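Q: My questions all concern the structure below.
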Amino acid sequence: MIKLYGLKMSNYYSLTKALLIEKNVAFEEVKRPPSQEEDFLAMSPMGKMPAIESDGVFLSESLAIAQYLENIQPSPALLPSDAMTAAKVMELCCHIKLDVELVARRCLPEAFFGQTVSQETKDSARADLEKGMSAVARLFDGSPYAAGAELSLADFYTFYCFGLASGIAKAIWDMNLLDNHSNIAGVMAKMAEHPSVARVEAEKG
């Protein structure tokens, strides 16, 4: 059985949990906060969450975990069988993660934890966020799913990355990140009702 290490507050922990449920892979949740302690670094080299353990081997980073789950449990498929179409799904996931969520995350300490982020950081993050949203918009389909007609890994990244990024954007700049992006908002709403995601969100409480 796979062990999932982390905390429910993490969007990437929640994303990974939703993927495990979606794939119908048996797993056990192990509550473990991020840490720079050596035993945690052995599981996750940057001390981030989540990490999984499978057959005594640890694996970190949500995209790597998603690919592993796709390999061990091909059905239901979250990556298309066509190589280029699958690569385009991964491309979209990377832009959502790297150019939107991680950019907004620069302001996370002030948005949710009462700390102060410099005005320079906030200004640069907003400029980079606008570029990231433009990049994602070039790739995002939304008819009806993120990458087109079929549910894919990109829909899970859409829900969990835009969920956090939107909250930060509202708290820091009082802006609706999804203004003029009705296709992204539509996928967010659809995924909120998707069984695996709905279960994860319900179990957070």
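Q: Identify all residues within segment 176-197 that are hydrophobic (A, V, I, L, M, F, W, C), open to solvent by less than 40 Å² (accessible area, probe 1.4 Å) and either farther than 13 Å from Phe140 by Cα or touching a Cys at 6+ places or on another chain (Cβ under 7 Å) (or both); write none if there are none.
A: The answer is Leu177, Met191, Val197.
Okay, residues lined up against (1) closer than 19 Å to Lys170 by Cβ; (2) among the aliphatic types (A, V, I, L, M):
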site	(1), (2)
Cys93	no, no
Gln115	yes, no
Asp141	no, no
Ala149	no, yes
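Q: Here's a follow-up. Output the number of residues of segment 66-78 satisfying the condition of being surrounded by 12 or more Cβ atoms within 10 Å (Cβ to Cβ) and among the polar types (S, T, N, Q).
A: Qualifying residue count for the region: 2.
Q: Exactly one condition in (1) within 27 Å of Ile21 (Cβ to Cβ); (2) aliphatic (A, V, I, L, M); (3) out of contact with any helix residue (DSSP H, G or I) (no Cβ under 6 Å at 6 or more places or on another chain) is false for Val200; which is it?
A: Condition (3) is where Val200 drops out.
Q: Say whether the condition of being of a type in the set (A, V, I, L, M) and closer than 13 Å to Phe156 by Cβ is met by at least one residue in segment 45-65.
A: Within segment 45-65 (the criterion being of a type in the set (A, V, I, L, M) and closer than 13 Å to Phe156 by Cβ), the answer is yes, since at least one residue qualifies.
Q: Could you please find all residues in segment 66-78 being part of a helix (DSSP H, G or I) and among the small types (Gly, Ala, Ser)?
A: Result: Ala66, single match.
Q: Out of everything in segment 22-65 that is outside any loop (DSSP other than H, G, I, E, B) and of a type in the set (Val, Ile, Thr), what residue ends up being surrounded by the most Cβ atoms within 10 Å (Cβ to Cβ)?
A: Ile52
Q: Then there's this: So which residues in segment 55-98 are among the acidic types (Asp, Glu) and under 12 Å from Lys23 (Cα atoms), if there are any at all?
A: Within segment 55-98, Glu70 is the sole residue that qualifies.
Q: Scan segment 43-74 for residues that are touching a residue at least 40 places away in the same chain (Cβ under 8 Å) and either of a type in the set (Gly, Ala, Ser) or closer than 19 Å to Lys8 by Cα (or both) and report the count.
A: Total satisfying the criteria: 9.
Q: Pairs only if they're at least six apart or on different chains, beta carbon under 9 angstrom, first in segment 178-205 and farther than 29 Å from Glu130 by Cβ, second surrounded by 17 or more Cβ atoms within 10 Å (Cβ to Cβ) and among the basic types (Lys, Arg); list them, first residue then second.
A: Ser196/Lys17; Ser196/Lys23; Arg199/Lys17; Val200/Lys17; Glu203/Lys17
Q: Which one of the conditions (1) surrounded by fewer than 16 Cβ atoms within 10 Å (Cβ to Cβ); (2) outside any helix (DSSP H, G or I); (3) within 19 Å of the chain's Cα centre (by Cα) does Ser81 fail to meet, given that it meets all the rest?
A: (3)
Q: Inspect segment 167-175 for any residue being under 17 Å from the mean Cα position of the chain (by Cα) and under 22 Å from Ala64 (Cβ atoms) and give the result as yes or no.
A: no
Q: Can you tell me which residue within segment 141-164, out of those that are in contact with a Leu (Cβ under 6 Å, 6 or more places away or on another chain) and outside any loop (DSSP other than H, G, I, E, B), is farthest from Gly114 (Cα to Cα)?
A: Tyr145
Q: Condition first: open to solvent by less than 20 Å² (accessible area, probe 1.4 Å) and assigned to a helix (DSSP H, G or I). Now tell me which residues in segment 117-140 satisfy that. Can you show your working first?
A: In the first step, residues of segment 117-140 are kept if they are open to solvent by less than 20 Å² (accessible area, probe 1.4 Å); the result is 117, 125, 129, 132-133, 136, 140.
Selection gives Ala125, Leu129, Gly132, Met133, Val136.
Q: What single numbered condition from (1) open to solvent by less than 20 Å² (accessible area, probe 1.4 Å); (2) part of a loop (DSSP other than H, G, I, E, B); (3) over 22 Å from Ala51 (Cα atoms) fails to hold for Ala104?
A: Of everything listed in (1) open to solvent by less than 20 Å² (accessible area, probe 1.4 Å); (2) part of a loop (DSSP other than H, G, I, E, B); (3) over 22 Å from Ala51 (Cα atoms), Ala104 misses just condition (2).
The values are calculated or read from the model by the stated rules, or taken from the named source; none is laboratory data. The structure displayed is predicted, hence computed values, not measured ones. Note that we place each Cβ from the backbone using ideal geometry, even for glycine, and neighbour counts take in every protein chain shown. Just the protein is used for accessible areas: all its heavy atoms, side chains included, with ligands, DNA and RNA removed. Shrake-Rupley method; radii C 1.70, N 1.55, O 1.52, S 1.80 Å.
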